[in-house]
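Student: Let me begin by handing over the structure; questions about it come next.
The values are calculated or read from the model by the stated rules, or taken from the named source; none is laboratory data. From a predicted model like this one, the values you see are computed outputs, not experimental measurements. Here the Cβ is made from the backbone with ideal geometry for all residues, glycine too, and neighbour counts use every protein chain on show.
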Amino acid sequence: MSETTIPTESAGAEPTEPEPTVTRPGPAEPGPAEPSPAGAALADEAAALDAADPLRAKRDAFTLDDTIYLDGNSLGALPRAVPPRLADVVAREWGRLRIRSWDESGWWTAPERIGDRVGRLLGAAPGQVVVGDSTSVNVFKAVVAAVRIAQERGAHRDQILVDESTFPTDGYIAESAARMTGCTVRPVAAGDVPTAVGSRTAVALVNHVDYRTGRLHDLPGTTAAVHAAGALVVWDVCHSAGALPVGLDAHGVDLAVGCTYKYLNGGPGAPAYLYVARAHQPRFDSPLPGWNSHADPFGMASAYTPADGAVRGRVGTPDILSMLALEAALEVWDDVTIEDVRAKSLALTDFFLRCVEDHVPAGRVRSITPAAHAERGSQVALRCAEAGEVMAELVRRGVVGDFRRPDVLRFGFTPLYTGFAEVERAARVLADVLEEG
């Protein structure tokens, strides 16, 4: 499928407000105007693509309606397996078994068991991913532990490189980690990390996919360059996990963090995860040692002795209800390959950009998402005048994306449940909104 020719521009870092503006969809407006002859051809093409889609049956595994939901990169849709699983957890495991469920229902081992399921989607062998806490907390653990490992190699390593367009919290956490470890933070463009890393670098904290523009950064090349300089790298894979191959083991990543409520559909506030490469686990010195990561958690010793393996990434009592909801949500991945998901993701984003080019009045939007497949995640960001008002109207008409200040319309494409006909219709509704002013 050919790539779009609508105008694009480089995705430079600009001060932005991190949280999306959310507008609740009201009653759906009448559908978009009938397509032009060229638009009708796109509608026919969408129908053919949906008919040939090997993932099309997966949509039935989710609770969806007639809304065109293009915000799965913020909050994934509800998998149908989750409500009955939670009902059983509450009524039987908590209600009847009570404390026995820590052993009999496997609550105690859930962080590692579910971590292995997430790890499969990240290209991580079992025993390296632990689920729990939030992404922010796991960024803190990972960055501080990485600095400590790097400083074992030489006390002169006192610099943390941070992707300058990172999601703001990652930057805040890096600043705090730097104060704790005697380091300074140096913001650089993610693409410049390979040339910016040097003998003083302890760790580089980089986003795999830019949350605002959808730009996919070079994980293998950046990781290799950071290692060549003797430093470690921490990858934030929130916007790539469940959307494209990550290859943590294959590319020698040191540590990685991510959330599960986006493309993994774990639900609002679902627990995050921490990946610690097996080679680093014996030296992983968490800044948050808790009783759950103790070698003998029920010994209640006053001195801390860390457990072996990824368990070192645990802190306190696991959040069982949300964790087991996530486990049920991950069942939709049992017969899916991440390669098939990536192929559909690229086809969806290509097709959306073509539809925007055909339907939307010239000059009204500009893509800031790279056209090249090697540089694109699973979202499309369009710069648009009065973007906030435009997105509010889109939501009112049943097309849900989100708005990033000051002027970005952001659309996420979740291959497990997004269809090509929805994508074509979303572009026509966008065109209607812009034509009506």
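Student: I'd like to know if segment 185-203 contains one or more residues that are touching a residue at least 60 places away in the same chain (Cβ under 8 Å) and closer than 18 Å to His227 by Cβ. Step through it out loud before you land on a result.
Tutor: Filtering segment 185-203 down to residues touching a residue at least 60 places away in the same chain (Cβ under 8 Å) leaves 189, 203.
Filter again for closer than 18 Å to His227 by Cβ, leaving 203.
The answer is yes; a qualifying residue exists.
Student: Another question, if that's okay. Looking at Arg376, is it out of contact with any Asp or Glu (no Cβ under 6 Å at 6 or more places or on another chain) and either modelled with pLDDT under 95 or not assigned by TED's automatic domain parsing to the domain that holds Leu216 (or both)?
Tutor: Numbers: out of contact with any Asp or Glu (no Cβ under 6 Å at 6 or more places or on another chain): yes; either modelled with pLDDT under 95 or not assigned by TED's automatic domain parsing to the domain that holds Leu216 (or both): yes.
For Arg376, the condition - out of contact with any Asp or Glu (no Cβ under 6 Å at 6 or more places or on another chain) and either modelled with pLDDT under 95 or not assigned by TED's automatic domain parsing to the domain that holds Leu216 (or both) - is met.
Student: Pairs under 7 Å by beta carbon, first residue farther than 18 Å from Gly269 by Cα in segment 77-98, partner of a type in the set (Gly, Ala, Ser) and not in a helix (DSSP H, G or I), six or more apart or different chains?
Tutor: Close Cβ pairs (under 7 Å, with a partner that is of a type in the set (Gly, Ala, Ser) and not in a helix (DSSP H, G or I)) amount to Glu93/Ser105; Leu97/Ser105.
Student: Can you tell me how many residues within segment 256-273 are in contact with a strand residue (DSSP E or B) (Cβ under 7 Å, 6 or more places away or on another chain), under 23 Å from Arg342 (Cβ atoms) and of a type outside the set (Phe, Trp, Tyr)?
Tutor: Of the residues in segment 256-273, 6 are in contact with a strand residue (DSSP E or B) (Cβ under 7 Å, 6 or more places away or on another chain), under 23 Å from Arg342 (Cβ atoms) and of a type outside the set (Phe, Trp, Tyr).
Student: Report the residue count in segment 400-421 for those that are crowded, with 23+ Cβ neighbours inside 10 Å and either more than 21 Å from the chain's Cα centre (by Cα) or outside the structural domain of Asp65 (by TED's automatic domain parsing) (or both).
Tutor: The number of residues fulfilling the criteria is 1.
Student: Would you say Leu321 is loosely packed, with under 15 Cβ neighbours inside 10 Å, assigned to a helix (DSSP H, G or I) and touching a residue at least 40 places away in the same chain (Cβ under 8 Å)? Reasoning before the result, please.
Tutor: Values: loosely packed, with under 15 Cβ neighbours inside 10 Å: yes; assigned to a helix (DSSP H, G or I): yes; touching a residue at least 40 places away in the same chain (Cβ under 8 Å): yes.
Spelling it out, Leu321 is indeed loosely packed, with under 15 Cβ neighbours inside 10 Å, assigned to a helix (DSSP H, G or I) and touching a residue at least 40 places away in the same chain (Cβ under 8 Å).
Student: Based on what the data block shows, is Thr169 modelled with pLDDT of 95 or more, among the hydroxyl-bearing types (Ser, Thr, Tyr) and more than 30 Å from Thr213 (Cβ to Cβ)?
Tutor: No, not satisfied.
Student: Which of the residues belonging to segment 270-281 are over 13 Å from Ala124 (Cβ atoms) and free of Cβ contacts under 8 Å to residues at least 60 places away in the same chain?
Tutor: Listed by number, the list holds a single entry, Ala270.
Student: Restricting to strands (runs of 3 or more DSSP E) lying wholly in segment 374-424: which have 3 or more residues that are in contact with a Leu (Cβ under 9 Å, 6 or more places away or on another chain) and among the aliphatic types (A, V, I, L, M)? It would help to see each step written out before you state the result.
Tutor: On the way: elements: 379-384, 402-404, 408-412.
Once the strands (runs of 3 or more DSSP E) in segment 374-424 are filtered for at least 3 residues that are in contact with a Leu (Cβ under 9 Å, 6 or more places away or on another chain) and among the aliphatic types (A, V, I, L, M), what remains is 379-384.
Student: Just to be sure, is Leu55 in contact with a Leu (Cβ under 7 Å, 6 or more places away or on another chain), at negative phi and touching a residue at least 12 places away in the same chain (Cβ under 8 Å)?
Tutor: On the way: in contact with a Leu (Cβ under 7 Å, 6 or more places away or on another chain): yes; at negative phi: yes; touching a residue at least 12 places away in the same chain (Cβ under 8 Å): yes.
Yes: the conditions hold for Leu55.
Student: Continuing with the same structure: Having 2 or more residues that are surrounded by 23 or more Cβ atoms within 10 Å (Cβ to Cβ) and touching a Ser or Thr at 6+ places or on another chain (Cβ under 7 Å) is the bar; report the helices (runs of 4 or more DSSP H) wholly within segment 124-197 that clear it.
Tutor: 135-153
Student: All but one of (1) touching a His at 6+ places or on another chain (Cβ under 7 Å); (2) part of a loop (DSSP other than H, G, I, E, B) hold for Leu346; state the number of the condition that does not hold.
Tutor: Unmet condition: (2).
Student: Another question about this same structure. Can you tell me how many residues within segment 41-76 are out of contact with any His (no Cβ under 8 Å at 6 or more places or on another chain) and either polar (S, T, N, Q) or not assigned by TED's automatic domain parsing to the domain that holds Ala427 (or both)?
Tutor: Of the residues in segment 41-76, 3 are out of contact with any His (no Cβ under 8 Å at 6 or more places or on another chain) and either polar (S, T, N, Q) or not assigned by TED's automatic domain parsing to the domain that holds Ala427 (or both).
Student: State the number of residues belonging to segment 290-310 that are farther than 30 Å from Pro84 by Cβ and either in a helix (DSSP H, G or I) or modelled with pLDDT under 95 (or both).
Tutor: Residues flagged as farther than 30 Å from Pro84 by Cβ and either in a helix (DSSP H, G or I) or modelled with pLDDT under 95 (or both) within segment 290-310 amount to 6.
Student: Out of the residues in segment 99-118 that are touching a residue at least 24 places away in the same chain (Cβ under 8 Å) and among the charged types (D, E, K, R), which is nearest to Asn292 (Cα to Cα)?
Tutor: That would be Glu112.
Student: Might you check whether a residue that is touching a residue at least 60 places away in the same chain (Cβ under 8 Å) and more than 18 Å from the chain's Cα centre (by Cα) occurs anywhere in segment 205-223?
Tutor: No, segment 205-223 contains no residue that is touching a residue at least 60 places away in the same chain (Cβ under 8 Å) and more than 18 Å from the chain's Cα centre (by Cα).
Student: Can you spot a residue in segment 96-107 that is assigned to a loop (DSSP other than H, G, I, E, B) and closer than 24 Å to Val246 by Cβ?
Tutor: Start the filter on segment 96-107 by keeping residues that are assigned to a loop (DSSP other than H, G, I, E, B), which leaves 105-107.
From what's left, closer than 24 Å to Val246 by Cβ: none.
Checking segment 96-107: not a single residue is assigned to a loop (DSSP other than H, G, I, E, B) and closer than 24 Å to Val246 by Cβ.
Student: Moving on. From the list Ser165, Ser176, pick out the single residue that is over 24 Å from Leu248 (Cα atoms) and hydroxyl-bearing (Ser, Thr, Tyr).
Tutor: Numbers: Ser165 fails: over 24 Å from Leu248 (Cα atoms).
After applying the criteria, what remains is Ser176.
Student: Can you name the residue in segment 253-269 that is surrounded by fewer than 23 Cβ atoms within 10 Å (Cβ to Cβ) and in contact with a helix residue (DSSP H, G or I) (Cβ under 6 Å, 6 or more places away or on another chain) and, of all such residues, is nearest to Gly309 (Cα to Cα)?
Tutor: Filtering segment 253-269 down to residues surrounded by fewer than 23 Cβ atoms within 10 Å (Cβ to Cβ) leaves 259, 261, 267-269.
Right, trim to in contact with a helix residue (DSSP H, G or I) (Cβ under 6 Å, 6 or more places away or on another chain) and you get 259, 267.
Values: Cys259: 21, Gly267: 27 Å.
Filtering first and then ranking leaves Cys259.
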